[in-house]
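What follows is one structure encoded as structure tokens, with my remarks underneath.
What follows draws every value from the coordinates through simple rules; no lab data is involved. Everything numeric in this text was worked out from a predicted model, so none of it was measured. Cβ: placed from backbone, ideal geometry, glycine included. Neighbour counts: every protein chain shown.
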Amino acid sequence: MKRRKNLILLLPFLLMSIFSCKKNTKPQPAESVTVLRNYCTEIGRFDLIFYENEVSGAYSLLPKKSLGAVWGKLENRQMIGRWIDEDGQGDILIEFNQDFSWFTTSYRNDELPEKWYKNQWHGHLRPNNSLKFETNGKKYRCE
């Protein structure tokens with residue numbers, strides 16, 4: 001319960017961190033834009049904010065009715081960062097396709113740092129307002 005409370009307190013900070021940390025730095029070029037992308041995964045909705053090479057976001061774990069968060073740096077089409085949810089926290093790699101319309105993840109928990117869960121979690125841009133859809137043999141949930 002304590003971890004869930006800490007996570008709930010952390011989510012607004014993560015979502016706003018991109019904007020607040022930029023206030024005290026040098027002005028950004030006019031072409032810098034913030035992009036919000038809404039993805040669907042096998043376990044629920046996954047929203048990401050992209051700003052320059054920074055990424056942060058929140059996801060829902062529908063089977064557990066809880067929330068999680070990610071943040072990290074984007075290098076080429078791979079986000080290297082951290083995750084936290086009621087199962088713990090750890091490292092995460094999110095690999096996007098060329099147009100960022102889908103991704104696959106690999107992650108590990110700090111409690112078992114030697115065990116990577118590779119290609120375990122997949123996301124696809126939300127195509128419409130439906131709560132579920134299927135593509136390429138995978139079922140995605142958007143709620």
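Hey, quick one: spin label on Gln120, modelled 7 Å out along Cα-Cβ, who in the range 42-59 has an amide N within reach, i.e. under 14 Å? What the label zone holds, given the 14 Å backbone N cut-off, is 42-43. Residues Glu111, Glu86, arranged from fewest to most other Cβ atoms within 10 angstrom of their Cβ, appear as Glu111, Glu86. Less than 5 angstrom separates the built amide H of Ile43 from those of Arg141, all sequence-distant by 5 or more or on a different chain.
At q = 0.14, 0.15, 0.20, 0.26 Å⁻¹, what log₁₀ I(q)/I(0) does a Debye calculation on the Cα points of the range 50-143 give, no solvent, two decimals? At q = 0.14, 0.15, 0.20, 0.26 Å⁻¹ the computed log10 ratios are -0.54, -0.63, -1.12, -1.52. Phi angles across the range 100-117 convert, under the Karplus curve 6.51 cos²θ - 1.76 cosθ + 1.60 with θ = phi - 60°, into 3J(HN,Hα) values of 6, 8, 8, 8, 10, 10, 10, 8, 9, 9, 4, 6, 10, x, 7, 9, 8, 9 Hz, Gly and Pro given as x. Amide H contacts of Glu54 (H built 1.01 Å from N, in plane; Pro and chain starts excluded): Leu74 sit under 5 Å, all sequence-distant by 5 or more or on other chains. What aspartates and glutamates sit close enough to Lys115 to cross-link, taking a C-alpha to C-alpha distance under 18 Å and skipping anything fewer than 8 places away on the same chain? Qualifying aspartates and glutamates at Cα under 18 Å: Asp85, Asp87, Asp91.
Restricting the range 51-143 to trypsin sites (Lys or Arg not before Pro) that sit in a DSSP loop and have at most 14 other Cβ atoms within 10 Å of their own Cβ leaves Lys64, Lys65, Arg77, Lys115. Only aspartates and glutamates eight or more places from Lys139 in sequence, or on another chain, were considered; those with a Cα closer than 20 Å are Glu42, Asp47, Glu95. If the segment from Ile80 to Ser106 were pulled out straight at 0.36 nm per residue, it would be longer than the present Cα-Cα gap by 8.4 nm.
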